[in-house]
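Notes for the one structure printed next.
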Amino acid sequence: MKKVLLTIFLLGSFVFNGKAQDNVSLTMQYQKMMEKVINHIPEVANSTSTKIMSFAESLLGTRYRYASSNPKVGFDCSGFVSYVYKQFGFSGARSSADFANKGKAVKLAEAKVGDVLVFTGSNAKVRRPGHVGIIYSIDEDGKIKFIHSSSGKAKGVTITNLEGYYKNRFLKAVTVME
């Protein structure tokens, strides 16, 4: 939040200084562009998905614990996702199958940060829900990273690229928060 406020202050001072000088160093087009950027900063900083990701990120490193949704003990995958979403008013889903059936299914190409990814269990040939995570980021090329509690090598809450092993296990994306 401090970074956002500092950015707003610095950009605002540049825009203000540009307007205050007769020999304007910033063009009118640049000033208008910066005003649009400044006007959208609070919108982005306060979005629900940003808040969800900040909260989820604060749990990075929490150890894996089968059948747990308690941060003091650890999380299994669905325990982590349900714990995060419970903080934002969504409840009623605790297992990966619950998440697969809750909310609105979306195409992966249309999924957004904060949506839930549903995967098979460790055996990708058995095409039923067995793992979940939350979309953490989507870059300009459409590459997705997700945050989840892994029983694998990471042994806890971690951020993983949606590729290879997880891409093969992917079942669906679900929006649970509008």
Virtual spin-label span in nm between residue 91 and residue 168, 7 Å along Cα→Cβ: 3.9
Within the under-14-Å Cβ sphere about residue 77, not counting residue 77, Lys/Arg +1 and Asp/Glu -1 give a net charge of +3
What's the whole-number percent of alpha carbon pairs in segment 66-114 lying beyond 15 angstrom? 50
Neighbour net charge for residue 120 - beta-carbon separation under 9 angstrom, K R +1, D E -1: +4
Within-11-Å neighbourhood charge of residue 106 [Cβ basis; K, R +1; D, E -1]: +2
Of 106, 78, 68, which is farthest on the positive side of the dipole of segment 64-107, counting Cα position, with +1 on Lys and Arg Cβ, -1 on Asp and Glu Cβ, and the Cα centre as origin? 106
In whole Hz, what ³J(HN,Hα) sequence does segment 93-99 give by Karplus (6.51, -1.76, 1.60; θ = phi - 60°), x for Gly and Pro? 10, 10, 9, 4, 5, 4, 5
From the phi angles alone, apply the Karplus equation (6.51, -1.76, 1.60; θ = phi - 60°) to segment 103-115 and give each ³J(HN,Hα) in whole Hz, x where the residue is Gly or Pro. x, 10, 5, 10, 5, 4, 5, 9, 5, 9, 4, x, 6
Pairs beyond 27 Å (Cα-Cα), from 104/167; 86/112; 86/125; 72/172; 72/167: 86/125; 72/172; 72/167
Just subtract the alpha-carbon distance of residue 128 and residue 155 from 0.36 nm times their residue separation and send over the number in nm, one decimal. 7.5 nm
Along the Cα→Cβ direction, 7 angstrom out, place labels at residue 101 and residue 50. What is the inter-label distance in nm? 3.6
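Here, each number is a calculation from the coordinates, and none is a lab measurement. Fair warning: this is a prediction, and the values are worked out from it, not measured in the lab. For neighbour counting, all protein chains shown are included, and Cβ atoms are generated from backbone atoms with ideal geometry for every residue, glycine included.
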